[in-house]
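See structure below.
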4 protein chains.
Amino acid sequence: MAGVKIERVGVKNPEEKQVIIGQGNFTVFACDDIFRALLTAVPGIKCAVAMNEAAPRLTRVTGNDEGLKELASENCLRIGASHTFFIMLDNAFPINVLGALKSHPVVANIYVASANPLEVVVAETELGRAVIGVVDGTSVNRIETEEEKKERRELCEKLGYVIE
Amino acid sequence: MAGVKIERVGVKNPEEKQVIIGQGNFTVFACDDIFRALLTAVPGIKCAVAMNEAAPRLTRVTGNDEGLKELASENCLRIGASHTFFIMLDNAFPINVLGALKSHPVVANIYVASANPLEVVVAETELGRAVIGVVDGTSVNRIETEEEKKERRELCEKLGYVIE
Amino acid sequence: MAGVKIERVGVKNPEEKQVIIGQGNFTVFACDDIFRALLTAVPGIKCAVAMNEAAPRLTRVTGNDEGLKELASENCLRIGASHTFFIMLDNAFPINVLGALKSHPVVANIYVASANPLEVVVAETELGRAVIGVVDGTSVNRIETEEEKKERRELCEKLGYVIE
Amino acid sequence: MAGVKIERVGVKNPEEKQVIIGQGNFTVFACDDIFRALLTAVPGIKCAVAMNEAAPRLTRVTGNDEGLKELASENCLRIGASHTFFIMLDNAFPINVLGALKSHPVVANIYVASANPLEVVVAETELGRAVIGVVDGTSVNRIETEEEKKERRELCEKLGYVIE
């Protein structure tokens, strides 16, 4: 791998908060504006948006919860890749905000959205770092049974996704 | 990594133009239609859309500026991955066109949108090549201070994002 | 039509600027945030966003051009309907901003987007006023000929929608 | 109704084709580009897009079926309102194309999408005409029973919207 080193960065997330990692641009504008989009998406949301900038080499952060800001900025800094953003959520789920994020004009793409344990796979070159994938929890080992299919639908109903 | 070779392709971009790299399909249609979407998005935009096709093995290109067309097609060819597109912009910024691109029916995803120095990380197999990540400028090395947060907001205001 | 009075409000637009009229909500937030969405959509855009609020009964306005702000707020006030917004644009066309507006979380719908002479048809009840339609220039009186179809395509090419 | 005359235009649609009526702008560009968006949305679609322009006062039309083009342009001309478009579809349903239409940069809004008998309610002033509503088939006269709720779900399943 001429000039490319692959490593992994374990995400620090002791309370299993919801995490969204993606790629954007225009960090000085984006950090605040993604935060505003999250506030607009869900009433009472607690969140932090950290985002890396190449020049100056800084992790920016905006949020309304000090704990989430600290974790988001620390994780984003450890990933290190420029223009990568790291979001942490409370009182909200990825399904409440992914629509708004994907259509936001500074967002290029979303790598992952999950409360599972995460490991970010990063490529490093002389220039800098790139996210090349995210391990989103343990891998699977078999296909569901009919009984398990029934159970997942019951679980969805218990979660409120029920049609009388 | 049996059968997978990882390499990096440095993007040639001597004048630091805005670059957008993504994955799409239906190259013979997409190349012109993405170009048309860019024209529609920003008045006076100068741009070039290069896109790779697997069969025949060709880099296609459409644009309204010869310099951008040459750079876009040369970079796209060097990346080599089929169905990857490489866009170069003038008189416009990614935030002006990412919405139109992400919602365009031929676009699968956007890898990066930036004027930073770029290195595309590519996986090569016997079949062909795949973009697996993009290094988007130098990596970060610390979290911004309160003073730097204040400065970035002042910078946004200088750039016109001010509400009287 | 018991209790419903229909009137028309001629839009004042002496320099034939581009106008967009729509319905939204949350005026105190929307007025600034729609303005910000317009700034993000087109580099160098000049614009004003006026929007009516029911309580207190006020036309709000935000913008970066005094002339556009004056016209937008005067027209919005004369329409009078609560939660209606009136946008005026310079250095940009509706096709450059309609995507951003339609996907903005405060926008319910867009009534019209045009630089034609406009008359807003308004229904008035005891409670208040509602936009029920907009006359967007003179009505048509015949179907185009094949020659005229050819001419419109040539006009599009002259406007830059040409693919070499 | 000082200076406002309300009338209705019955839509001519002898074979109960799918119809979509909306408001847009930039007719010389839009007529072809909405057609292209429809072609992109559904394989094998037959369709016609007619759209009114204020100056010159013409109904424009683009399509790939002569019968649909004739009906779409005749209906659009009779509605008369500038910047209104009238689409007719075959081999496709509104649900296949509304997403693409609503996000198209020339589209302001959609008035109706239906194969029901339609009457367009139009306001006419000295300046021109405005669509103010569309009667989309007969009005309702009672609420469904539990049995009818069950039947509609069975109908959806018969139509292929079934989850094993």
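Answer with yes or no whether C:Glu157 is surrounded by fewer than 19 Cβ atoms within 10 Å (Cβ to Cβ) and either closer than 15 Å to C:Lys17 by Cα or within 13 Å of the chain's Cα centre (by Cα) (or both).
So C:Glu157 fails the test.
Would you mind stating whether A:Ala113 is surrounded by 11 or more Cβ atoms within 10 Å (Cβ to Cβ), in contact with a Pro (Cβ under 6 Å, 6 or more places away or on another chain) and either of a type outside the set (Val, Ile, Thr) or more than 30 Å from B:Thr138 (Cβ to Cβ) (or both)?
Considered against the rule, which asks whether it is surrounded by 11 or more Cβ atoms within 10 Å (Cβ to Cβ), in contact with a Pro (Cβ under 6 Å, 6 or more places away or on another chain) and either of a type outside the set (Val, Ile, Thr) or more than 30 Å from B:Thr138 (Cβ to Cβ) (or both), A:Ala113 comes out as yes.
Only one of (1) among the polar types (S, T, N, Q); (2) surrounded by fewer than 19 Cβ atoms within 10 Å (Cβ to Cβ); (3) touching an Asp or Glu at 6+ places or on another chain (Cβ under 6 Å) fails for D:Asn64. Which number is that?
(3)
Taking the conditions exactly as written (part of a helix (DSSP H, G or I), of a type in the set (S, T, N, Q) and more than 13 Å from C:Val140 (Cα to Cα)), does D:Thr40 satisfy them or not?
When the stated conditions are applied, D:Thr40 passes them.
In region A:153-163, is there at least one residue being under 21 Å from A:Ala54 (Cα atoms) and either out of contact with any Gly (no Cβ under 6 Å at 6 or more places or on another chain) or at pLDDT below 95 (or both)?
Taking every residue of region A:153-163 in turn, none turns out to be under 21 Å from A:Ala54 (Cα atoms) and either out of contact with any Gly (no Cβ under 6 Å at 6 or more places or on another chain) or at pLDDT below 95 (or both).
Among the numbered conditions (1) under 21 Å from D:Val9 (Cβ atoms); (2) among the small types (Gly, Ala, Ser); (3) within 12 Å of another protein chain (Cβ to nearest Cβ), tell me where D:Ala115 comes up short.
(3) is the only condition that D:Ala115 fails.
Tally the residues that are in a strand (DSSP E or B) and either among the charged types (D, E, K, R) or more than 14 Å from chain C (Cβ to nearest Cβ) (or both), restricting the search to region B:60-81.
Summing the residues that are in a strand (DSSP E or B) and either among the charged types (D, E, K, R) or more than 14 Å from chain C (Cβ to nearest Cβ) (or both) in region B:60-81 gives 1.
So, of the residues in region B:82-92 that are out of contact with any Ser or Thr (no Cβ under 9 Å at 6 or more places or on another chain) and within 11 Å of B:Ile20 (Cβ to Cβ), which turns out to be nearest to the other protein chains (Cβ to nearest Cβ)?
B:Ala92
Anything in region D:1-37 that is closer than 23 Å to C:Leu155 by Cβ, polar (S, T, N, Q) and in a strand (DSSP E or B)? List them, or say none.
D:Gln23
Return the pair list, or none, for Cβ contacts closer than 9 Å from residues in region D:28-54 that are within 20 Å of B:Phe26 (Cα to Cα) to residues that are among the β-branched types (Val, Ile, Thr) and part of a loop (DSSP other than H, G, I, E, B), at least 6 apart or on different chains.
D:Asp33/D:Val106; D:Ile34/D:Val106; D:Leu38/D:Ile45; D:Leu39/D:Ile45; D:Thr40/B:Val106
Rundown of residues vs (1) under 15 Å from the mean Cα position of the chain (by Cα); (2) more than 13 Å from chain A (Cβ to nearest Cβ); (3) within 21 Å of A:His83 (Cβ to Cβ), yes/no style:
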| site | (1), (2), (3) |
| --- | --- |
| B:Val11 | yes, no, yes |
| B:Gln23 | yes, no, yes |
| B:Phe29 | no, yes, no |
| B:Ala48 | yes, yes, no |
| B:Ala55 | no, yes, no |
| B:Leu58 | no, yes, no |
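The values are calculated or read from the model by the stated rules, or taken from the named source; none is laboratory data. Computed from a predicted model, the values in this text were never measured in an experiment. In this analysis, Cβ positions are derived from the backbone assuming ideal geometry, glycine residues included, and neighbour counts consider all displayed protein chains.
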